[in-house]
Amino acid sequence: MRFTERADFAGAISRYREAKNALNTPGSGQSRHGLDWMNFFIADVQTGFGSFVAFYLAGLDWSQSQIGEILAVGGLAGVLSQIPGGALADATSWKRALVALGILLIGGSAIILAFAPSPVLIFVAELFHGITAGILTPAIGAISLGLVGRRAMSSRTGRNYRFAAAGHALTAVSMGAAGAYLSQSAIFIAAAILCIPALVALSYIRPEEIDYARARNAATGDKAGKVEKILDLSKNRGLLLFTGCVVLFQLADASMLPLIGEGLAKQAGVPTLLMSGLIIAPQIIVAILAPWVGYHSETRGRRPLLLVGFGLEPIRAVLLAFTTAYPFLIVAQLLDGITSAFVTVLTVLVITDLTTGSGRFNFARGAVGAMSGLAASISTLATGFVYQEFGRSVGFFLIAAIAGAATALLWMFQLETKPAQYLD
């Protein structure tokens, strides 16, 4: 390695350390590490649901229509709760109490599923689980911003997603093993037990270190108490444009893994284990890349990295249109991991940039999340129909076209949002 190359490499490492030090400046180490492990264990708990619920109910002789209806209840509750959940996270100073409520709701849902799987109670459990999406996501975002501030939010967000992805990946393996070798109900018992370390980690976050005004992205000084009207967000052209890009992206992305799973289930072999590999692979990539995305969003800006994340999506769809071979499915899921690392981290940062001084950060994030959730629901319905009527290749080419449109919209109209100077 030449001297200049060594100097460049050393400079990159030095700049990365400076970014990490920026994260370490606000708040105590206890609060920051508490937030790390809270993200990890909440991801653990959430992993106990989703596809595991469908397997569990199928084992209890529920029909496909019944399972679809009960999962739809949870999904709809998750979408509808995000906007009021975001508004609540902006309004209350009890951020930790919101997270504790969400964790307890998930734990209660898990206990119901494990010990009282009657139709009425499972309906209640899925409703509770869905509502937690509208509570936990904005509350964690508010705690993060209130704890570290706008300048360190990029590093903090990357770290949040690293711990969450690690939690998803590790727990998917252990819960899958528990369901296979113990019982299906053991999955939900484990999810309920994991609520305890999640609450313990939450208790390590010191409430006095969470700045209330900063947590909702309000202005500083005398204007910190002022909050924009909700209707004013509808005049935020940059936020509306970015929401449109994210909605188009979700229209493409949400249905890909279900379509892969449907095709994989028809192949010979052990579909459950193969499917687990496709779920875990992108989580590993997210855990590795998320902090680096946060760091490079400060050095290179948000827009170039967003274009990378969006631009990989049509490539992934075209690859899936041509093959069902498992090695290529793994490649496609690794691309999904890269895309997820870029898009999830940068979505939080762009919304933070575009709502600075408004005091409506969590509401705006909830609104974008609700629109994305609706787009995801439409995606699975529409592409599932196209897949059945016109075949696999047409379905994935349609997804590629939508993803390409999202990328083109972002490239042509979305401006850089990273501020030249942060308020704090």
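Estimated at 0.36 nm per residue, the fully extended path between F390 and E208 surpasses their Cα-Cα distance by 59.8 nm.
GNM on the chain, alpha-carbon springs under 10 angstrom: the most fluctuating residue among D353, D36, D222 is D222. Applying 1/(1 + (r/R0)^6) with R0 = 45 Å to the Cβ-Cβ distance of V124 and D222 gives a FRET efficiency near 0.45. The ranking of M256, M38, M412, M371 by Cβ neighbour count inside 10 Å, starting from the fewest, reads M412, M371, M256, M38. Computed from label points 7 Å out along Cα-Cβ, the spacing between S234 and R300 is 3.8 nm. Placing a label point 7 Å from the Cα of L101 along the Cα-to-Cβ direction, the residues of the stretch 142-159 whose backbone N falls under 16 Å of that point are 142-143. By the Kirkwood approach, averaging reciprocal distances over each pair of separate Cα atoms, the stretch 232-417 gets a hydrodynamic radius of 17.0 Å. For the pair A116 and A72, the difference between a 0.36 nm per residue extended length and the Cα-Cα distance amounts to 13.8 nm. The mean sequence distance of close C-alpha pairs (under 8 Å, at least 6 residues apart), as a share of the length of the stretch 232-417, puts its relative contact order at 42 percent. Taking every alpha-carbon pair under 8 Å whose residues sit at least 6 apart, the chain reaches a relative contact order of 25 percent.
When the chain is treated as a Gaussian network with alpha carbon springs shorter than 10 Å, the biggest mean-square fluctuation among G277, G309, G221 belongs to G221. Evaluate the distance, in nm, between pseudo-label points positioned 7 Å from the Cα of I193 and of S276 along their respective Cα→Cβ axes. About 1.7 nm, to one decimal. Taking max minus min of the alpha-carbon positions on each principal axis, the chain gives extents of 60, 49, 48 Å, largest first.
Over the chain, dividing the summed -39,500 (n - 2.57) contributions of all DSSP H runs of at least 4 residues by the number of residues returns a 222 nm mean residue ellipticity of -27000 deg cm²/dmol.
Charge dipole of the chain (Cα centre as origin; +1 on each Lys and Arg Cβ, -1 on each Asp and Glu Cβ, all else neutral): 1120 debye, rounded to the nearest 20.
Read-outs throughout are calculated quantities, based only on the coordinates presented, and are distinct from any laboratory measurement. Computed from a predicted model, the values in this text were never measured in an experiment. Cβ: placed from backbone, ideal geometry, glycine included. Neighbour counts: every protein chain shown.
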